[in-house]
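Student: What follows is a single structure, and I will ask about it in a moment.
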Amino acid sequence: MGLERLNWLIPFVTLLSAGCLGGLLALLVWIQFAAERAPAAGKRIPKSLVAFTASPCIEFAALAILFFLGETAHSSDAIFGLEPMQLVIAAGLLAGIVLLMAAHRLARGDPGGITAIVRRSSIVLLAIDAMGVVLFAFALYMT
């Protein structure tokens, strides 16, 4: 395993951990939402919960694209100076950050007890994604 591969392993692991932890947190929040809203049928789903759930979904989609790209993507296919695998990692992390910031912002206006959980969980996942962006920038610098 060359140094280039090792440099991309860290952001990949960050994307994987943010997706897994985010998926678990989203599942727990949806269970809490179902328990709270089950007696009151017809209540709307908070927008913050939708944005919060979309973040790990996007990160899992980025991981799926990485697995399908595999070794078929070459450095000659560079877009904006980034190889396809680098572009997928960057897009997954940045989309996750944008959706988590939107979820945190939308949670202020949504009523109910779910919003506190969404706000705390989005802060945790924002920290993980921000760490991934820093490690991604470091990996770009090292190559």
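Student: Which ordering of 131, 85 is given by a fewest-first count of other beta-carbon atoms within 10 Å?
Tutor: Result, fewest neighbours first: 131, 85.
Student: Within a 10 angstrom radius of the beta carbon, how do 120, 108 rank from fewest other beta carbons to most?
Tutor: Ordered from fewest to most neighbouring Cβ atoms within 10 Å, 120, 108 come out as 108, 120.
Laboratory data are not the source of any read-out in this text; all were calculated from the coordinates shown. Because the structure is a prediction, the values reported are computed rather than measured. Note that we place each Cβ from the backbone using ideal geometry, even for glycine, and neighbour counts take in every protein chain shown.
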